[in-house]
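Here is the structure we will look at.
Only the coordinates and a few stated rules stand behind these numbers; no lab work does. If you're wondering where the values come from, they're calculated on a predicted model, not measured in any experiment.
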Amino acid sequence: MRSVYEEWGEFGRYNARGIKGGEALAREIERVAQELADHGGIATPPDRPRGRNARLRYLDSPAGRDALARHGISRRLIKSWETSGRQPSARKLQALDDAYREVRRTNVRKYGRKNIVERLNNGGHGTRMEIYTVDQSQVPESRRRDLENLAQDRSLQVRYVWEDAVTGWAEGDDTLLGDVWEDIIADLDSDWAAYSYVGAVTLGA
């Protein structure tokens, strides 16, 4: 079966700017996941003892300790914070918060799929999606794909696909994301294959 992406031939050969629709969709799901991770987490800032200690407790796991190490926070340094009572530097507090957010987002990715799907399903109403066409301004006129019918960026309410879309995002399954994207653009009433590559996608979620 011919992939929807093949409709463009060798995309980018003549300087068209854009990405696969499935990839753009995955990026937006990632944004939604990050918003969910940031919302409802530890509210107290890391420059307060309560906020700092809450982050350290959250990161008390192999994955958390690995993240701390990547951000330059060793067990010895943590021990010195505990014994000296001194306030860590602003740079180290930022590193601690970065490690916390990294691990929380990873956990949302692994264990929070249901919440993401529920948000995008929106009680059966779905999510409003804006699709922006590729940028052909640098493509020689003779090589431009005819997008005359696609002068307007498209807006549509997307339902029913979110469980598969989130699964594709979480598992890095480009094939599944491509299939989901094809289902989405198949509902467009113009040259739907022209939307296989896009400039961007945004979700109103």
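Amide H contacts of VAL158: THR127, ARG128, MET129, each under 5 Å away and 5 or more positions distant or on a separate chain (H built 1.01 Å from N in the peptide plane; Pro and chain starts excluded).
Taken as Cα centroids, region 88-132 and region 154-205 sit 20 Å apart, rounded to the nearest whole angstrom.
Note on ASN107 and GLU35: the extension gain reaches 24.6 nm, defined as 0.36 nm multiplied by sequence separation minus the Cα-Cα distance.
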